[in-house]
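Student: Take a look at the following structure, please.
Taken together, the values in this text are just the output of simple stated rules run on the coordinates, not laboratory data. Since the model is a prediction, treat every value here as computed from it, not as a measurement. Don't worry about glycine lacking a Cβ; one is built from the backbone with ideal geometry, like all the others, and counts go over all protein chains shown.
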Amino acid sequence: MRWMFVTSLSAGLVLASGAALAADRNAPGVTDREIKIGQTMPYSGPASAWGAIGRAEMAYVKMINDRGGIRGRKINLISLDDAFSPPKTVEQTRRLVEGEDVAFIYGTVGTGNLPIRDYLNEHHVPQLFVIAPLEKYNDPQRYPWTMGLQPTFYREGVIHAQYILAHKPDAKIAILHPNDDIDEGAKGLRDGLGERADKLIVKEVSYEWTDPTIDSQIVTLKASGADTFYNMAYPKTAAQAIRKAADIGWKPLHFLTYISQSISAVLEPAGLQNSAGIISGIYAKDPADPRWSDDPYTKEFLDWLQKYYPGGKASDIFVVLGYDFIQPLIYLLDRCGDDLSRENIMQQATSFHEVTFPWLLPGITLNTSPTDHQPIKQMRETRFNGKTWELLDELK
């Protein structure tokens, strides 16, 4: 039987526990009244659009605390800006662990997770629900205190390859990716295409964070003769790529990495008319999608948005992700009961079995074990119709 998380919260989740934990069983930052958790977020810098995730999570935590917290304990989520700079992520994480005495690190975004991984594992500090969808964060043998959350870029690449083979088997594929680990999506695409990869992929180029534009890369990709484009760029650059392709009259079958599928942060700046027809992967419901307009999840999300995050937009996928991603954390903390030691936190995090949440697409569940630290593995293809995302193929 799978467990369903209800966003309206049952009374049992917020009622105070009848007994206090013995002090020596608590993780640092845990008292009878508080659970202190740390994270870093790109509130500034080149990936600042993702800062909406952290702001939404803070707003969700406020709702939980207003309802009594977790078994009588309020959540104190300390969210610091790292400007999407790995050295800054390291600095801020050490501050959270050694200065703020947080119980664990939760939901840090991006490449900064890698340089803090050794540090956190060495000190037996859980690094939970990393927002960096890479295969390397599912390595429990070497890094037992680290856990991802989303489907990985590699898995996304495999799914897009399956779509291409089914719908455009003679494609000429061009790939754009930043010069970092997100390029594992290209490996997933290659592996998914199998023995046809070398024939179908005609050009692959990268860009640096310091590049002011990627105009030259898009011109190069068009010149390759490609009629299919896998755009793995981060939000700001992804928007530039969409707009530049339109400006030079290049109209390939366009695949966009799911971390850049925000309508308000990416597609609107790129031009909605330029974005129509783009395909991306999805594993969660989009409350801006008319198909979910009568879904209880959408109603609860919109009610929360109005009360706790009135500046946010339902069309901003990063606001939606913040609302969604915090829920496995709330479930985990409640699941820990009165044992909030770091050891039990990890034990509970590695024993999810068919756990689902209202925001997940039907059929998608979270599953973990001591040898599998990748909770969500499934996705579906979706196409932007100029206004919203529409589901295409079946669950993969």
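Student: Listing THR298, THR356, THR108 from the residue with the fewest other Cβ atoms within 10 Å to the one with the most, what is the order?
Tutor: Numbers: THR298 21, THR356 16, THR108 28.
Ascending Cβ contact count within 10 Å gives the list THR356, THR298, THR108.
Student: Moving on. Tell me, what is the FRET efficiency for ALA197 and GLU135 to the nearest 0.05, using R0 = 30 angstrom and their Cβ-Cβ distance as r?
Tutor: Values: r = 18 Å, r/R0 = 0.61.
Given R0 = 30 Å and the Cβ-Cβ separation, E is 0.95.
Student: I want to verify a result. In a Gaussian network model of the chain, Cα cutoff 10 Å, which of these has the top mean-square fluctuation: PRO287, PRO296, PRO28?
Tutor: PRO296
Student: With viscosity set to 1.002 mPa s and temperature to 20 °C, compute the Stokes-Einstein D of the range 153-282, Rh being the Kirkwood radius across alpha carbon pairs; µm²/s, no decimals.
Tutor: Values: Rh = 14.3 Å.
My calculation gives 150 µm²/s for D.
Student: How large is the translational diffusion coefficient of the range 294-338 in µm² per second when you combine the Kirkwood radius over alpha carbon pairs with Stokes-Einstein at 25 °C and 0.890 mPa s?
Tutor: On the way: Rh = 11.6 Å.
Translational D for this selection: 212 µm²/s.
Student: Under 22 Å Cα-Cα from LYS251, which lysines qualify once same-chain neighbours fewer than 8 residues away are excluded?
Tutor: LYS168, LYS172, LYS199, LYS203, LYS222, LYS236, LYS387
Student: Would you compute, from DSSP H runs of 4+ residues alone, the mean residue ellipticity of the chain at 222 nm, taking -39500 (n - 2.57) per run and dividing by the full residue count, rounded to the nearest 500?
Tutor: Details: 13 runs with 134 residues, N = 396.
Helix-only estimate at 222 nm: -10000 deg cm²/dmol.
Student: Tabulate in residue order the Karplus-calculated ³J(HN,Hα) for the range 36-41, using 6.51 cos²θ - 1.76 cosθ + 1.60 with θ = phi - 60°, rounded to whole Hz; enter x for Gly and Pro.
Tutor: Result, rounded to whole Hz: 9, 10, x, 7, 10, 9.
Student: When averaged across all projection directions, what area in nm² does the alpha-carbon convex hull of the range 80-195 cover?
Tutor: On the way: hull surface 33.0 nm².
With the hull built on Cα positions only, its mean projection is 8.2 nm².
Student: Choose one of ALA166, ALA223, PRO212: the residue whose Cα lies farthest towards the positive end of the charge dipole of the range 153-282 (beta-carbon charges +1 Lys, Arg; -1 Asp, Glu; about the Cα centre).
Tutor: Positive-most Cα among the choices belongs to ALA166.
Student: Moving on. Gap in Å between the Cα centre of the range 196-245 and the Cα centre of the range 88-150?
Tutor: One Cα centre to the other: 31 Å.
Student: For the range 281-297, what does the Karplus curve 6.51 cos²θ - 1.76 cosθ + 1.60, with θ = phi - 60°, yield as ³J(HN,Hα) per residue in whole Hz, taken in order and with x for Gly and Pro?
Tutor: Values per residue, Gly and Pro as x: x, 8, 9, 10, 5, 9, x, 8, 7, x, 5, 9, 4, 9, 6, x, 4 Hz.
Student: Let me ask another. Answer with one residue from ILE131, PRO290, THR152: the one whose Cα lies farthest towards the positive end of the charge dipole of the chain, charges on Cβ with Lys, Arg +1 and Asp, Glu -1.
Tutor: Toward the positive end, the furthest listed residue is PRO290.
Student: I would also like to ask the following. What is the packing order of peptides 43-52, 358-367, taking the mean over residues of other C-beta atoms within 10 Å and listing the highest first? Kindly include the intermediate steps, with their values, before the conclusion.
Tutor: Values: 43-52: 19.9, 358-367: 17.5.
In decreasing order of mean packing, 43-52, 358-367 become 43-52, 358-367.
Student: Another question, if that's okay. Step through the residues of the range 184-200 one at a time and calculate ³J(HN,Hα) from phi using the Karplus curve (6.51 cos²θ - 1.76 cosθ + 1.60, θ = phi - 60°), rounding each to whole Hz and writing x for Gly and Pro.
Tutor: These are the phi-based 3J(HN,Hα) values: 5, x, 5, 5, x, 4, 4, 5, x, 6, x, 5, 8, 4, 4, 7, 7 Hz.
Student: Pulled fully out, how much extra length does the chain show between ASP372 and GLN347, if you take 0.36 nm times their separation in residues and subtract their Cα-Cα distance? Intermediate results must be reported in sequence, preceding the final value.
Tutor: Values: separation 25, 0.36 × 25 = 9.00 nm, distance 1.22 nm.
My answer for the length gained is 7.8 nm.
Student: I've got another one for you. Bin by bin, in steps of 10 Å, what percent of the Cα pairs in the range 88-149 do you find, going until the bin that has the longest distance?
Tutor: 24, 62, 14, 0
Student: Another question, if that's okay. Per 5 Å bin, what is the whole-percent P(r) computed from every C-alpha pair distance within the range 155-217?
Tutor: Pair shares across the bins are 4, 18, 28, 22, 14, 10, 4, 0.
Student: Looking at the chain from every direction and averaging, what is the projected area of its Cα convex hull in nm²?
Tutor: Numbers: hull surface 73.9 nm².
For the Cα atoms of the chain, the hull's average projected area reads 18.5 nm².
Student: In addition: What shape does the range 235-330 have by the C-alpha gyration tensor, where a ≥ b ≥ c are the square roots of the eigenvalues, rounded means a/c under 1.5, and otherwise prolate means a/b greater than b/c and oblate the rest?
Tutor: Prolate is the answer for the range 235-330, as a/c is 1.5 or above and a/b outweighs b/c.
Student: Determine, for each peptide in 226-234, 61-69, 182-190, the mean count of other beta carbons within 10 angstrom over its residues, then list the peptides with the highest first. Present the calculation step by step, with values, prior to reporting the outcome.
Tutor: Values: 226-234: 23.6, 61-69: 17.4, 182-190: 21.6.
Put in order of decreasing packing, that is 226-234, 182-190, 61-69.
Student: How many percent of DSSP beta bridges within the chain run antiparallel, rounded to 5?
Tutor: Numbers: 12 of 42 bridges.
The antiparallel proportion sits near 30 percent.
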